[in-house]
Amino acid sequence: MNAKKADKIATGVLYAVAGIITLILASLILYILGRGLPHISWSFLTTPSKSFQAGGGIGIQLFNSFYLLIITMLISIPISLGAGIYLSEYAKKNFFTNAIRTAIEVLSSLPSVVVGLFGFLVFVIQAGLGFSIISGALALTFFNLPLLTRNVEESLKAVHYTQREAGLALGLSRWETVTRVVIPEALPGILTGVILGAGRIFGEAAALIYTAGQSAPALDFTNWNPLSISSPLNIFRQAETLAVHIWKINSEGNMPDGAQVSAGASAVLIIAVLLFNFLARFLGKKLHKKITSA
């Protein structure tokens, strides 16, 4: 067998494997959407869920998912940005920084259920926060922080060293060079990682079962007092998210139309995650084009 024939065979095998994987993923997504889309309506997206009777929606769970996502990102983005800048721009190669990177790798490989049990022990019990949005957000911060930190670090490292030298040559301090030259150049990659991380959080269930709770109390959307138990802004209330709701419906089976609600909620979850991914690609390309004028 000559080199050209071997190359064609290897290329064909790679294309076949890629095609099979793409076909499996596309079939799974289309199956979920095909089952769920007929059950999605405005009423389904806005009305509260019901137990032991048909006709419930996912309104409160959908709001809880977005609200918990916002709280989590508000906590995790500043921490990961600071950690990524330190590791990329300031950290020296020594035992301490190697230990930090090892810890990040270990945390990024932890199953989400372990993070949930950690959050249950530390935030729900020891800190006395109970099952609440803030407990879930803090647990998801530990879940998402390694991914965001590595993303920020790698995005900053991808900026060519001549950009830093140019900033220093113009009389900028090291910090000014990082904030005014390096970070704007790395912003498309950082933003893409943040949006993908948001999609990962939005679909998380295992960690939230033990921290945010499995119930969705009735909310009064006219009550904006963040200390009121019925206020949607209260971070100390229980908050069943969309992913947890899907798990609960299929595990308890106390809804007459549970299969339809589960299918519709699964389709909404898939659509949301797909939108996060498409948004990440679109904004990344848009920012890169604007910054580089390419």
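The values are calculated or read from the model by the stated rules, or taken from the named source; none is laboratory data. All values reported here derive from a predicted model rather than from experimental measurement. Cβ placement follows ideal geometry from the backbone for every residue including glycine, while neighbour counts extend to all protein chains displayed. To get the accessible areas, we keep the full protein, side chains included, count just its heavy atoms, and leave off ligands, DNA and RNA. Shrake-Rupley method; radii C 1.70, N 1.55, O 1.52, S 1.80 Å.
I'd like to check something: does the range 64-81 contain any residue that is within 22 Å of HIS160 (Cβ to Cβ) and at pLDDT 90 or above? So far as the range 64-81 goes, yes, one or more of its residues are within 22 Å of HIS160 (Cβ to Cβ) and at pLDDT 90 or above. With respect to the conditions (1) assigned to a helix (DSSP H, G or I); (2) open to solvent by 60 Å² or more (accessible area, probe 1.4 Å); (3) among the charged types (D, E, K, R), ASP220 falls short on a single one, namely (1). When the range 121-135 is filtered for residues that are open to solvent by 70 Å² or more (accessible area, probe 1.4 Å) and closer than 12 Å to GLY213 by Cβ, only PHE131 remains.
In the range 45-63, the residues that are without any contact (Cβ under 8 Å) to a residue 60 or more places away in the chain and closer than 13 Å to ALA239 by Cα form Cβ pairs under 7 Å with partners that are surrounded by fewer than 14 Cβ atoms within 10 Å (Cβ to Cβ) and hydroxyl-bearing (Ser, Thr, Tyr), at six or more places apart or across chains, as follows: GLY59/THR46.
Candidates are the residues of the range 49-67 that are surrounded by 13 or more Cβ atoms within 10 Å (Cβ to Cβ) and small (Gly, Ala, Ser); the one that is farthest from VAL244 (Cα to Cα) is GLY55. If you go through the range 138-157 one residue at a time, do you hit one that is over 30 Å from ARG174 (Cβ atoms) and small (Gly, Ala, Ser)? Taking every residue of the range 138-157 in turn, at least one turns out to be over 30 Å from ARG174 (Cβ atoms) and small (Gly, Ala, Ser).
What number of residues in the range 251-273 are assigned to a helix (DSSP H, G or I) and either in contact (Cβ under 8 Å) with a residue 24 or more places away in the chain or on the phi > 0 side of the Ramachandran plot (or both)? Don't jump to the end; show me each part of the working.
Applying the first criterion (assigned to a helix (DSSP H, G or I)) to the range 251-273 yields 251-252, 258-273.
This time we only want the ones that are either in contact (Cβ under 8 Å) with a residue 24 or more places away in the chain or on the phi > 0 side of the Ramachandran plot (or both), so: 260-261, 263-273.
Of the residues in that region, 13 qualify.
Residues of the range 235-249 that are open to solvent by 10 Å² or more (accessible area, probe 1.4 Å) and out of contact with any Gly (no Cβ under 7 Å at 6 or more places or on another chain): ILE235, PHE236, ILE246, TRP247, LYS248. More than 16 Å from GLY57 (Cβ to Cβ), of a type in the set (S, T, N, Q) and assigned to a loop (DSSP other than H, G, I, E, B) - does that describe any residue in the range 243-250? No, the range 243-250 has no match at all. If THR211 satisfies all but one of (1) within 24 Å of HIS288 (Cα to Cα); (2) touching a Gly at 6+ places or on another chain (Cβ under 6 Å); (3) of a type outside the set (Phe, Trp, Tyr); (4) in a loop (DSSP other than H, G, I, E, B), what's the number of the condition it fails? Condition (1) is where THR211 drops out. Of the candidates GLY171, GLY193, GLY189, the single residue that is part of a loop (DSSP other than H, G, I, E, B) and either small (Gly, Ala, Ser) or under 13 Å from the mean Cα position of the chain (by Cα) (or both) is GLY171.
Quick check: anything in the range 38-48 closer than 20 Å to GLY213 by Cβ and open to solvent by less than 40 Å² (accessible area, probe 1.4 Å)?
Narrowing the range 38-48 to residues closer than 20 Å to GLY213 by Cβ: 48.
Filter again for open to solvent by less than 40 Å² (accessible area, probe 1.4 Å), leaving none.
No, the range 38-48 contains no residue that is closer than 20 Å to GLY213 by Cβ and open to solvent by less than 40 Å² (accessible area, probe 1.4 Å).
Can you pull out every residue in the range 92-137 that is within 16 Å of the chain's Cα centre (by Cα), more than 18 Å from ASN64 (Cα to Cα) and in a helix (DSSP H, G or I)? Residues satisfying the conditions are LEU107, SER108, SER112, VAL113, VAL115.
Remark: pairs (first residue in the range 20-42, in contact (Cβ under 8 Å) with a residue 12 or more places away in the chain; second residue in a helix (DSSP H, G or I) and of a type in the set (Val, Ile, Thr); Cβ separation under 6 Å; 6+ apart in sequence or on different chains) = ILE32/ILE270. Would you point out the residue of the range 98-116, among those that are under 18 Å from GLY203 (Cα atoms) and touching a residue at least 40 places away in the same chain (Cβ under 8 Å), that is surrounded by the fewest Cβ atoms within 10 Å (Cβ to Cβ)? That would be PRO111. Against the list (1) of a type in the set (A, V, I, L, M, F, W, C); (2) open to solvent by less than 60 Å² (accessible area, probe 1.4 Å); (3) not in a helix (DSSP H, G or I), the condition ILE229 fails is (2).
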